[in-house]
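Here, each number is a calculation from the coordinates, and none is a lab measurement. Being a predicted model, the structure only gives us computed values, none of them experimental. Reconstructed Cβ throughout: ideal geometry from the backbone, glycine too, with neighbour counts over all protein chains shown.
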Amino acid sequence: MDNRTSMLLFLVLVVLFAFTFVFGIDALALPNVSYGVLALIGYVVCLGFSVFQWALLKKERGAMMPWFITYAIVIGIIFVWYVTRCGTAFGWW
């Protein structure tokens, strides 16, 4: 995969994260379960695609490899924060 395609996929993932984050914040602020489910799916898709793309670029020694692993780490941290906030809001812990 060339750098142009990787850059485009990275930009799409950033836009997807922006929408996912907004849906997550809205779901936590208001009792809107459908937004919460969309946010959960969005976080999983962002994390899955970034790790998959990182693995492909690592195999090919691509230039965008550090960007995707950094993105995956940041999304992972925010995903854990979101799940923790959901657990607190539902009273699971």
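In plain terms, the residue of Cys86, Cys46 with the fewest other Cβ atoms within 10 Å comes first and the most crowded comes last, giving Cys86, Cys46. Multiplying the residue separation of Thr70 and Thr84 by 0.36 nm and removing their Cα-Cα distance gives an extension gain of 2.9 nm. Given their separation in residues at 0.36 nm each and the Cα-Cα distance between them, Arg4 and Asp26 gain 4.6 nm when the chain is fully extended. Using the Cβ of Val33 as centre and a radius below 15 Å, the other residues enclosed give a net charge of 0, where K and R count +1 and D and E count -1. If R0 is taken as 25 Å, the Cβ-Cβ distance between Leu11 and Phe52 corresponds to a FRET efficiency of 0.90.
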